[in-house]
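Please treat every number below as a calculation from the coordinates, not as lab data. Here the structure is a predicted model, which is why all the values come from computation and not from measurement. Neighbour counts are summed over all protein chains in view; Cβ atoms, including those assigned to glycine, are modelled from backbone coordinates with ideal geometry.
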Amino acid sequence: MDGVREQIEGKVVLVTGAGGSVGAELCRQIALHNPARLVMLDHDDSRLMESWLSLPAPSPARWHDLLLGDIRDLGALCQLVGPVHPDVVFHAAMLSDRGLLEHFPREGFLTNVNGTRNVLEASTLAGVGLFVHVSSSAAADNGSVLGQTLQMAEEMTARWARDGMGRYLSVRLGERPSGRRTAAAGLAEVCRQLLSVTASGFDGVVVDATADSPSPQGLFAPGFPAVP
């Protein structure tokens, strides 16, 4: 995990969706790699606090590192992210319930697509060096609202890699096993795999973090050739 530590140690790291299950676990693991600052953003105050309190001590996230805001609001998001000047952003905020999004597709679009674009814009304006869009294996499902919105978010991230100054990539996480204990262990493992992928040097691509040997997938923005 030396490569992971190199990506994080001494850096300002921002995690969106920090109150969610993936975002919270990412924060816990990032905290172990000695970031200079860990900034946690979520729109749910109670889950954000719960995630913050679960961090190992001493925590790299202080009270003023908790950002309460909605990624759907670009103006407010820029006001929150700009002063942080993050070196690394893990964008883990998304709506991921396949069934609910079939009934409320507009909500999926507003968060997974518009929200991702807003985080990309705010991060770029703040001078981010590495942007990691946390996606899901559900993005491979063209027939669902969840899959379609995640694919659109991946494509936007790849376009930013082409036009931006930093590194931008999407990492797909797989489904977690059922059962509280096994699910927690599975979540911890996929988050470790995600962090390993960030140290790989991939840029402008979609990477499957659950593969035995993670490699770029065949979903790229216009102008990005598929990587063999």
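When DSSP assigns beta bridges and you keep just the ones with both residues in the chain, what percent turn out antiparallel, to the nearest 5? Looking only at bridges with both residues in the chain, the antiparallel portion is about 5 percent.
When only alpha carbons are used to place a centre, the stretch 120-134 and the stretch 46-92 end up 14 Å from one another.
Panel values: the chain, Kirkwood radius from alpha carbon pairs, Stokes-Einstein at 20 °C and 1.002 mPa s, translational diffusion coefficient 124 µm²/s. Suppose a student asked you for the relative contact order of the stretch 10-94, using Cα pairs under 8 Å spaced at least 6 residues apart; what percent would you report? This gives 41 percent for the stretch 10-94. Dividing the summed -39500 (n - 2.57) terms of all DSSP H runs of n ≥ 4 by the residue count of the chain sets its mean residue ellipticity at 222 nm at -12000 deg cm²/dmol. Computed from point charges on the beta carbon alone (+1 for Lys and Arg, -1 for Asp and Glu), the dipole magnitude for the stretch 2-208 about its Cα centre is near 240 Debye.
Other residues lying with their Cβ under 14 Å from the Cβ of ILE71 contribute a combined charge of -4, Lys and Arg counting +1, Asp and Glu -1.
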